[in-house]
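Colleague: Below are the structure tokens for one structure; questions will follow.
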Amino acid sequence: MNLSLEGIRHAYGDKRVLDDVSVTVRPGEVACLLGPSGCGKTTLLRIAAGLEVAAGGRVVIGGRLVADAAAGLHLPPEARRVGLMFQDYALFPHLTIFDNVAFGVTDRSPATRARLHEALDRMGLEGYARSYPHVLSGGQQQRCALIRALAPEPDILLLDEPFSNLDVTLRADVRDQALALLKERRVTTLVVTHDPQEAMAIADKLWILYEGRVVQSGTPEEIYAHPRHASIARLFGPMNAVGGVVRDGAVVTPLGAFAAAGLDEGASAEVLIRPEGMRLAAVEGEGAHAEVIAAHLLGCVTRLRLAVAGVVEPLDALVPGVTHPRPGESVRVGVDPDLAFVFVGDARAA
Amino acid sequence: MLDHGARVSLAPPDASAPVLPARAWRPTWRPTWRPTWAGVVTALPVAIALLFTLPISAILLHLLLPAEGAAAHLATTVLPGYALTTLQLGVGVGIGVTILGTGTAWLVTLCRFPGHSVFAWALVLPLAVPGYVMAYAYTDVLQFAGPVQTALRDLFGWQARDYWFPQIRSAGGATAMLVLVLYPYVYLLARTAFLEQSVCTLEVARTLGCSPWQSFRRVALPAARPAIVAGTALALMETMADYGTVAFFGVQTFTTGIVRAWLSYGDRVAAAQLSAVLLSFVLAIVLLERHSRAQARFHHTSARYRFLPAYRLRGLSAAGAVLACAVPVGFGFLLPVLVLAGMALGVDEPGRLGRYLELLRNSFVLGGTTAVLAVITAVAMAYGARLRPTPLTHAANRFASLGYAVPGAVMAVGVLIPSAAADNALDGWMRATFGVSTGLLLTGSIAALVYAYLVRFLAVSFTAVEASLGKINPNMDGAARVLGCGPLATVRRVHLPLMRPSLLAAALLVFVDVVKELPATLMMRPFDFDTLAVQAYNFASDERLAEAAIPSLIIVGIGLVPVILLSRTIARSRPGAGAQAVP
């Protein structure tokens with residue numbers, strides 16, 4: 001089943017939250033809506049579920065039109081066959097784990113009950129079937145909520161910040177387990193998150209939402225390698241910003257020239273460089289001269305803080321290996337052009 | 001108020017209107033509803049609000065009628081006297097409950113002395129005793145032939161006119177009775193306010209050089225002031241509403257005036273106009289209460305609830321604290337109950353047992369019916385506002401719960417006037433059309449009485465239901481909807497099970513209030529239909545105090561049930577344990 005949100009608009013009072021947002025999720029795909037808090041991504045999820053009435057646009061689930069603002073059509077949530085997992089899980093405290101999971105299932109045949117018990121067993125919750133939600137740990141509550149959302153076999157699954165309430169040490173495990181379940185069942189899933197690492201880890205396709213608009217969509221690799229805006233580039237971590245002026249189709253900076261096709265000659269431009277794109281030059285005479293201000297071993301990589309002549313702010317470099325220059329030493333640095341992005345204007349303000 | 005209510009109801013439900021954020025818990029999104037649901041869900045609270053503001057509207061309409069005959073006479077002769085006595089009672093009770101309630105609350109929350117944990121819950125017990133029952137008990141103790149005066153005469157060999165003794169049947173006596181039963185309102189709210197005060201602010205005060213007494217006066221007391229004012233306002237509303245105590249003591253207030261104008265003179269206009277004047281007093285108190293509650297909301301800057309710094313009292317100060325707490329419990333609960341029990345044991349009329357069972361049954365029928373209806377109405381109102389949190393539904397709920405401020409006597413007048421008018425209209429129409437007289441259908445019926453109770457006590461159940469519903473995470477609603485439940489199924493499968501304890505508590509509170517209610521019952525009960533409160537009042541009015549003791553004791557016993565529940569909550573919540581929320 002595919003999910004298609006077409007031209008969704010929404011406002012709370014005078015505040016415009018969603019402005020002509022279109023998102024499609026193909027059958028069996030896990031799509032991720034990524035954006036900072038307050039960008040309207042949870043509202044979009046609630047509109048898909050029918051918990052919110054959009055001011056404009058259409059929602060189509062599996063070829064069935066379930067909401068069309070222009071036609072005044074709004075199917076209530078209970079008629080949409082969607083699963084929704086809330087950020088706080090919203091388990092019913094007065095029901096046992098089994099009754100929570102069975103809440104949306106109308107058929108109580110022995111076969112169905114066996115299927116639900118099997119699902120609990122698979123997620124390591126069978127021992128808690130008769131317990132109440134308050135005895136579960138955060139990760140267990142999360143798994144219970146996921147099983148509950150999947151139990152009625154919905155056409156699509158919507159997850160709102162599914163892993164953000166979990167302890168960091170638990171997160172990766174729970175995430176892998178959940179993802180394996182979704183992939184195995186080939187559930188069409190739309191996940192909302194503000195965590196780029198999480199989005200990268202689970203998404204087949206990313207939709208970047210910024211101030212109520214989709215600013216870029218694509219596979220995680222595409223977006224990481226070709227961010228369309230400085231703010232998208234910055235989603236995946238802090239960036240080094242270096243200014244320059246366009247000369248002969250390239251931005252000339254103290255760290256070298258970067259291809260800037262399509263930019264006007266003489267325009268000021270900014271180059272954003274990922275810290276992992278900074279290279280220590282092996283050959284003398286190559287790259288730009290820099291002085292090491294600080295060096296920290298982070299484990300498999302070392303973070304160097306570098307002062308580069310002609311650049312006001314110190315630059316960060318993540319370099320492999322445990323042997324590294326000491327503070328005060330002089331080095332020469334180059335840049336991997338695949339991990340440097342050119343934007344018009346002052347990227348530091350973006 | 002009528003005008004406002006009518007305007008609210010006529011405004012079309014405007015689905016596109018922006019929803020203003022009026023409450024902290026309210027979700028920021030608009031719940032989704034089919035258009036048909038929107039209509040029902042908006043119309044229901046408005047209809048309830050209209051039905052529930054009818055009595056007040058009826059009274060206010062009578063202000064417009066010309067006063068004639070007895071009414072005009074009444075206004076010029078007795079009004080100043082009523083106003084003066086009512087003010088006197090109000091000031092006396094206000095000062096008394098504030099000192100007694102705040103003082104005891106501070107002692108049991110912030111000081112440690114022998115028995116402080118027992119006093120923490122025992123101080124609530126006087127809440128179970130209605131003012132008129134106190135009046136019966138103390139009259140028996142303190143009257144000329146009572147044990148105290150007799151003992152004094154025997155001891156000193158005095159004769160009847162040799163000595164001065166305070167006259168219990170006076171405005172001062174009524175004030176004392178009301179202070180003793182009403183101070184728990186202030187005690188409860190002040191205690192909560194002291195407990196909720198962040199330990200940090202008190203500790204900061206100490207480090208900034210305040211002594212324990214100074215930190216109480218400069219930090220704890222100002223922070224708790226909105227709660228104390230709110231508690232005092234509640235006690236004052238009860239004082240305004242009191243009929244049994246003042247009537248028994250022969251003190252002339254608005255309530256006695258209203259009941260006399262209605263029952264003795266049959267003067268509808270005079271009763272309505274006295275009611276309107278009393279309502280203006282009550283309105284002032286309501287505004288005071290609302291104002292202080294609004295201030296109480298944003299007080300706490302720090303959410304750390306640890307064990308409060310407790311001052312260990314020793315020697316004389318400990319003895320003083322014990323005495324200060326023992327006096328209100330002793331005189332407000334133990335003594336009157338013992339006196340009543342003594343009087344009841346002196347009555348030997350086993351033949352009357354059937355009569356008491358009948359009274360008990362009548363009180364239970366009225367209380368039970370009202371309690372069930374009040375809870376159902378409250379759930380409908382609160383859930384309507386949850387589904388459609390518009391200014392309209394909120395205004396409707398505010399109006400519908402105004403009745404709690406209306407004294408019983410006023411409520412009776414407000415219900416009787418429209419029901420008599422409806423009866424007359426129906427009777428006239430039936431005579432003209434079919435030549436049949438229907439007489440009085442509504443007036444003097446149990447239905448009208450239950451309606452009056454419902455309007456008066458709806459706020460009790462609504463507050464409990466609204467608070468309980470507000471604690472349920474709105475995502476529960478969303479989860480249930482997405483999992484296939486319609487709005488009604490969501491209530492049935494999610495909200496009602498989660499709210500069950502609160503609904504039971506709400507029903508219990510309404511039930512007890514109805515059983516204790518006197519003036520409205522007195523004015524509206526069907527012919528030959530007596531309740532415990534009415535029978536106790538009638539016995540006492542006939543100076544048959546010993547016989548009044550048995551129904552009085554039963555009322556206290558019933559009133560004890562919610563008080564014990566409350567006391568258990570208090571005993572379980574240790575200072576500093578914090579009031580952490582439910583599901």
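What follows is calculated from the coordinates using simple rules that are stated; it is not laboratory data. Predicted model, so just to flag it, every value in this text is computed and none were measured. Positions of Cβ are generated from backbone atoms using ideal geometry, with glycine treated the same way; all protein chains shown enter the neighbour counts.
Colleague: Determine the distance separating the Cα centre of region A:185-224 from the Cα centre of region B:212-256; give it in Å without decimals.
Modeller: 60
Colleague: Given H placed on each backbone N at 1.01 Å, which residues far from A:I156 in sequence or on other chains put an amide H within less than 5 Å of it?
Modeller: Those qualifying (amide H under 5 Å, at least 5 residues apart or on another chain) are A:G83.
Colleague: Follow-up question, since we're still on this one. Taking a virtual spin label 7 Å from the Cα of A:R185 along the C-beta vector, which residues in region A:74-91 bring their backbone nitrogen under 17 Å of it?
Modeller: Of the residues in region A:74-91, A:80-87, A:89-91 have backbone N under 17 Å from the label point off A:R185.
Colleague: Then there's this: Loop by DSSP (not H, G, I, E, B), at most 14 other beta-carbon atoms within 10 Å: where is the longest site-free stretch of chain A for trypsin sites (Lys or Arg not before Pro)?
Modeller: With trypsin sites (Lys or Arg not before Pro) excluded where exposed in loops, chain A gives A:187-350 as its longest stretch.
Colleague: From the residues B:L189, A:Q141, A:V174, which one has its Cα farthest along the dipole of the protein assembly as shown in the positive direction, the dipole being from +1 and -1 charges on Cβ of Lys/Arg and Asp/Glu about the Cα centre?
Modeller: About the Cα centre, the residue reaching furthest to the positive side is B:L189.
Colleague: Apply the Karplus curve 6.51 cos²θ - 1.76 cosθ + 1.60, θ = phi - 60°, to the phi angles in region A:117-133 and return the couplings in whole Hz, x for Gly and Pro.
Modeller: Here the 3J(HN,Hα) series is 4, 5, 5, 4, 4, 4, 8, x, 10, 4, x, 9, 3, 9, 7, 9, x Hz.
Colleague: Now a separate question. Other chains near A:74-86: what is the mean number of their Cβ atoms within 10 Å of each residue's Cβ?
Modeller: 5
Colleague: Going through region A:151-252, which GluC sites (Glu not before Pro) have at most 15 other Cβ atoms within 10 Å and a DSSP loop state?
Modeller: Sites meeting the loop and neighbour criteria: A:E211.
Colleague: Something else now. Run the numbers for A:L73 and A:K15: contour at 0.36 nm per residue of separation, minus the present Cα-Cα distance, in nm.
Modeller: 18.5 nm
Colleague: Oh, and also: So if R0 is 35 Å, what FRET efficiency would B:R161 and B:I446 give, r being the distance between their Cβ atoms, rounded to the nearest 0.05?
Modeller: For R0 = 35 Å, the calculated efficiency reads 0.10.
Colleague: Now for a separate question. Relative contact order for region A:3-232: what percent, with Cα pairs under 8 Å and sequence separation of 6 or more?
Modeller: 29
Colleague: Tell me, what is the percent relative contact order of region B:456-570, built from C-alpha pairs under 8 Å that lie six or more residues apart?
Modeller: It comes to 24 percent, rounded to a whole number.
Colleague: While we're looking at this one, here's another question. Calculate the spin-label point distance for A:R26 paired with B:R431, positioning each point 7 Å from the Cα along the beta-carbon direction, and give it in nanometres.
Modeller: Using points 7 Å along Cα→Cβ, the separation is 8.6 nm.
Colleague: Using +1 at the Cβ of each Lys and Arg and -1 at the Cβ of each Asp and Glu in the protein assembly as shown, identify which of B:P114, B:I417, A:S217 lies farthest towards the dipole's positive end.
Modeller: B:P114
Colleague: Give the residue list of chymotrypsin sites (Phe, Trp or Tyr not before Pro) in region B:478-537 that are DSSP loop and have at most 12 other beta-carbon atoms within 10 angstrom.
Modeller: When the chymotrypsin sites (Phe, Trp or Tyr not before Pro) of region B:478-537 are filtered for loop state and at most 12 Cβ neighbours within 10 Å, B:F527 remain.
Colleague: Separation between the A:H134 and A:H229 pseudo-spin-labels, each 7 Å from Cα along Cα→Cβ, expressed in nm?
Modeller: 4.5
Colleague: For B:R112 and B:A83, FRET efficiency with R0 = 51 Å and r from the beta-carbon atoms, rounded to 0.05?
Modeller: The calculated FRET efficiency here is 0.65.
Colleague: Using helices alone, I'd like the mean residue ellipticity at 222 nm for chain A: each DSSP H run of four-plus residues gives -39500 (n - 2.57), total over residue count, nearest 500.
Modeller: Taking each H run of at least 4 residues, the total per residue is -6500 deg cm²/dmol.
Colleague: Also: How large is the charge dipole for region B:395-517, taken about the Cα centre, if only the Cβ atoms of Lys, Arg (+1) and Asp, Glu (-1) carry charge, to the nearest 20 debye?
Modeller: The dipole of region B:395-517 has a size of about 420 debye.
Colleague: Separate question: Show which lysines lie in cross-link reach of B:K471 when reach means a straight Cα distance below 20 angstrom and same-chain residues fewer than eight apart are skipped.
Modeller: none
Colleague: To continue, here is another question. Can you list residues whose amide H is under 5 Å from A:V214's amide H, if they're 5+ apart or on another chain and H is modeled 1.01 Å from N?
Modeller: Close amide H contacts, sequence-distant or interchain: A:S22.
Colleague: Projected onto the charge dipole of the protein assembly as shown (+1 at Lys/Arg Cβ, -1 at Asp/Glu Cβ, origin at the Cα centre), which of A:H296, B:V556, B:L278 gives the Cα projection farthest towards the positive end?
Modeller: Sorting the options by dipole projection puts first B:V556.
Colleague: Could you work out how far the C-alpha centroid of region B:356-419 sits from that of region A:46-113, in angstrom?
Modeller: Centre-to-centre distance over Cα atoms comes out at 36 Å.
Colleague: Place a +1 charge on the Cβ of each Lys and Arg in chain A and a -1 charge on the Cβ of each Asp and Glu, then give the dipole magnitude about the Cα centre in debye, rounded to the nearest 20.
Modeller: For chain A, the charge dipole is close to 920 debye.
Colleague: Return the sequence-ordered ³J(HN,Hα) values of region B:109-114 in whole Hz as given by the Karplus equation 6.51 cos²θ - 1.76 cosθ + 1.60 applied to θ = phi - 60°, using x for Gly and Pro.
Modeller: 8, 10, 10, 10, 8, x
Colleague: Just grab the label-to-label distance for B:L51 and A:A294, each label 7 Å out from Cα along the Cβ direction, in nm (one decimal).
Modeller: With each label placed 7 Å out from Cα toward Cβ, I get 7.0 nm.
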